[in-house]
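Only one structure is covered here, and it is reproduced in the block below.
The values are calculated or read from the model by the stated rules, or taken from the named source; none is laboratory data. Since we're looking at a predicted model, the values are computed, not measured. Virtual Cβ from ideal backbone geometry, glycine too; neighbours counted across all protein chains shown. Areas reflect the complete protein model, heavy atoms only, side chains present, ligands, DNA and RNA absent. Shrake-Rupley method; radii C 1.70, N 1.55, O 1.52, S 1.80 Å.
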Amino acid sequence: MATQPEKLKIIIVGAGLSGLGTAISCSLAGHEVVVLEAAPEIAEVGAGLQMTPNATRLLQHWNVSKSFWAKGAEPTSLSVHRYTGELLAHEESYDLKMRQRYGAPFTDMHRADLQIALLDRAKELGTQFFLGEKVETIDFAKPSVKTSSGKTYTGDLIVASDGLWSRCRELMLGKKDEPLPTGDLAYRIVLSLDEIQDTDLREWVAKPTVHFWIGPNTHAVGYSMRDGKMYNIVLLCPDTLPDGLAKQAGSVDEIRTLFKGWDPILTRFLNHVKKGVDKWKLMHLEQMPHWVNDESNLVFMGDACHPMLPYLAQGANSSLEDAAVLGGLLAKLTNKRQLPRVLRLYERLRKERGEAIVRETFNQRRDFHRVDGPEQEARDRQFKSKLGKDLGTDAFPSRWTCPQVQPWLYGYDAIKEVEDAVRKNPLFDDGTKL
Ligand SMILES: Cc1cc2nc3c(=O)[nH]c(=O)nc-3n(C[C@H](O)[C@H](O)[C@H](O)COP(=O)(O)OP(=O)(O)OC[C@H]3O[C@@H](n4cnc5c(N)ncnc54)[C@H](O)[C@@H]3O)c2cc1C
């Protein structure tokens, strides 16, 4: 006979993508979920997001609204160009290959569409949201959190999904732990089809594809979203922001100067940018020794424990994996006393993978950003040796198609991970044994 989970009260700090994913997975697991978000409203912000099969399979599993999928754009090809425009790599039928290989789509979305879909699903499942509630302190003995409005929320488990500048992280470590610059920054540009008059560019946007242009210390990526009605461009280059400043307005002139002489098609897109674009310092954090506190009532996920360069588009995707594994394990819990083991198992399943993805994003930077010279020439020879051919099994400089990296990134199934781990783990044989 199937055992019923013992109901926990779970307090999630932060309603970013990892917090929203966790609200869904823990509600589906039968627990009472409360989300505390510092912002006064869950604003529909941001630009594009590439959703890879390791995360879209979870959105399918969580049953997010059908209308959500219509807002994506599945790229029919993925290409890498040298910054001059020369083609280095091209994979046709990328959309079909992704579905065939991994059983779930690769789709490009506006971040707001994902956020709304997750929020709606979490609310439908009974998650309670409290906005304008910034967590300031945690009493680990209870556990409870106190917010800046003076309210206290008590539960059985606190989930730290409060992002890069995590207050929960500082409270667990007992010291300030500020993010570190990676040395790069990102300009994020969104163009709607209505803003584009150029017929070639309109066609380019209407037929979803992904393009990378790679140059010395810099690269650009462009892709369609909203069913080919919007285009997202991210420009990644050396960080020139002053220390301590995470975001600043950038001018149209500065991006045109930075990308002068790049592929004419990219230049034509950049010529359509009429207003200033924000630039974001890309930050990371030192690895934490543990993602669970000694009292086993605080657990970390998403950018709060593994922020990464966006060069493999895995920040949000991997945070949804975290959410699915935690919720999946908590669905198996039959007794509160199992919580320490459940959390240790979560850490064992997730920490190594999260940190491996972080390292891989830095490897992708190295390979995309090579300065002109012998190493860049060798890389481009390797790229071009495979143009029009099967990639075989060798490593490839673009991890987006690399036969050695893509399978472990996109093939990961968080639901299966939980089922396999639970089968192997004696924890769940006897609900009362500790
Ligand atoms: C240029 C760029 C492009 C990217 N592209 C992609 C992509 O294509 N695919 C992808 O998967 N990822 C991408 N990412 C990464 C992705 O956006 C992040 O990894 C992801 O959004 C992290 O989610 P999170 O929920 O962990 O953190 P956040 O989104 O930062 O959410 C944290 C939340 O916690 C709240 N909060 C903070 N402190 C408190 C507190 N004390 N009390 C209560 N609430 C609090 C915040 O207000 C916020 O709502 C990109 C990132 C960048 C910069």
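What full-extension length gain, to one decimal in nm, is calculated for D394 and R101 as 0.36 nm per residue of separation minus the Cα-Cα distance? Please list the in-between numbers first.
Values: separation 293, 0.36 × 293 = 105.48 nm, distance 1.76 nm.
Net length gain for the segment: 103.7 nm.
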Percent of alpha-carbon pairs separated by more than 17 Å within region 1-137
66
On a 1.4 Å probe surface of the protein chains, which of S25, S148 comes out largest in accessible area, and what is the full order?
S148, S25
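Rank these residues by their accessible area, most exposed first, probe 1.4 Å: R188, R99.
Values: R188 80, R99 110 Å².
Of R188, R99, the descending order of accessible area is R99, R188.
Could you tell me which GluC sites (Glu not before Pro) in region 284-321 are loop residues by DSSP with no more than 16 other beta carbons within 10 angstrom of their beta carbon? Kindly include the intermediate steps, with their values, before the conclusion.
On the way: sites: E286, E295, E321; in loops: E286, E295.
Within region 284-321, the qualifying GluC sites (Glu not before Pro) (loop, at most 16 other Cβ atoms within 10 Å) are E286, E295.
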Given the protein chains as shown and a 1.4 Å probe, how many square angstrom of S67 are accessible, to the nearest 10?
70
Where the Cα pairs of the chain fall when distances are cut into 10 Å bins, in %:
4, 21, 31, 25, 13, 5, 0
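Restricting to Cα pairs below 8 Å that are 6+ residues apart, what does the relative contact order work out to for region 1-122? Please round to a whole percent.
So the answer I get is 31 percent.
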Per residue, in Å², the accessible surface of region 306-395 once ligands and nucleic acids are set aside, probe 1.4 Å:
40
Share antiparallel - DSSP beta bridges, the chain, percent rounded to 5:
70
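Cross-link list K229/K389; K351/K424; K7/K142; K134/K279; K151/K336; K229/K260: which exceed 23 angstrom alpha carbon to alpha carbon? Before the final figure, lay out the partial values.
Details: K229/K389 32 Å; K351/K424 19 Å; K7/K142 17 Å; K134/K279 26 Å; K151/K336 25 Å; K229/K260 26 Å.
Beyond 23 Å: K229/K389; K134/K279; K151/K336; K229/K260.
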Roughly what angle does helix 374-384 make with the longest principal axis of the chain, taking Cα atoms, 0 to 90 degrees, to the nearest 10?
90
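At 0.36 nm per residue, and after removing the present C-alpha to C-alpha distance, how many nm does the segment from R344 to K275 gain when stretched out fully? Walk me through the numbers on the way to the answer.
Details: separation 69, 0.36 × 69 = 24.84 nm, distance 4.84 nm.
Taking 0.36 nm per residue and subtracting the Cα distance, the gain is 20.0 nm.
Using R₀ = 51 Å, calculate the FRET efficiency as 1/(1 + (r/R₀)^6) where r is the Cβ-Cβ separation of E375 and R423; round to 0.05. Spell out each step's value before the answer.
On the way: r = 46 Å, r/R0 = 0.89.
Here the calculated transfer efficiency is 0.65.
Could the peptides 340-351, 169-180, 410-421 be put in order, highest first, of the mean number of other beta-carbon atoms found within 10 Å of their residues?
Going by the mean number of other Cβ atoms within 10 Å, highest first, we get 340-351, 410-421, 169-180.
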Give me the distance in nm between label points sitting 7 Å out from Cα along the Cα-to-Cβ direction at N335 and F362, one decimal.
4.3
The chain, helix-only ellipticity at 222 nm - DSSP H runs n ≥ 4, -39,500 (n - 2.57), divided by all residues, nearest 500:
-10500 deg cm²/dmol
Using alpha carbon coordinates only, what is the Rg to Rh ratio of region 222-357, with Rh defined as the Kirkwood radius?
1.12
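Please give the contour-minus-distance gain from Q197 to D243: 0.36 nm per residue of separation, less the Cα-Cα distance, rounded to one decimal in nm. Spell out each step's value before the answer.
Details: separation 46, 0.36 × 46 = 16.56 nm, distance 3.93 nm.
Length gained, Q197 through D243: 12.6 nm.
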Would you mind checking the pairs K176/K281; K9/K146; K146/K281; K97/K386 and listing those with alpha carbons more than 23 angstrom apart?
K146/K281
Rounded, prolate or oblate (a/c below 1.5 giving rounded, otherwise prolate when a/b exceeds b/c) for region 11-61 by Cα gyration tensor
oblate
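I'd like the GluC sites (Glu not before Pro) in region 1-95 restricted to DSSP loop residues with at most 13 other Cβ atoms within 10 Å, sorted by number. Let's see the in-between values first.
Numbers: sites: E6, E32, E37, E41, E44, E86, E91, E92; in loops: E6, E41, E44, E86.
Answer by residue number: E41, E44, E86.
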Within region 214-238, find all residues whose amide N lies under 14 Å from a label point positioned 7 Å from the Cα of E86 along Cα-to-beta-carbon.
214-216
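Tell me the relative contact order for the chain as a rounded percent, counting alpha carbon contacts under 8 Å between residues six or more apart. Mind dumping the intermediate values first?
Details: 878 pairs, mean separation 91.4, N = 434.
This gives 21 percent for the chain.
Solvent-accessible area per residue for region 53-123 at a 1.4 Å probe radius, Å²? Could the numbers behind the result be given before it?
Working: 2690 Å² over 71 residues.
In whole numbers, region 53-123 has 38 Å² accessible per residue.
Express the relative contact order of region 277-330 as a whole percentage, based on alpha carbon pairs under 8 Å and six or more residues apart in sequence. The partial results should precede the final answer.
Numbers: 37 pairs, mean separation 16.1, N = 54.
Once normalised by length, the contact order is 30 percent.
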The chain - percent of accessible surface contributed by carbon and sulfur, probe 1.4 Å:
50
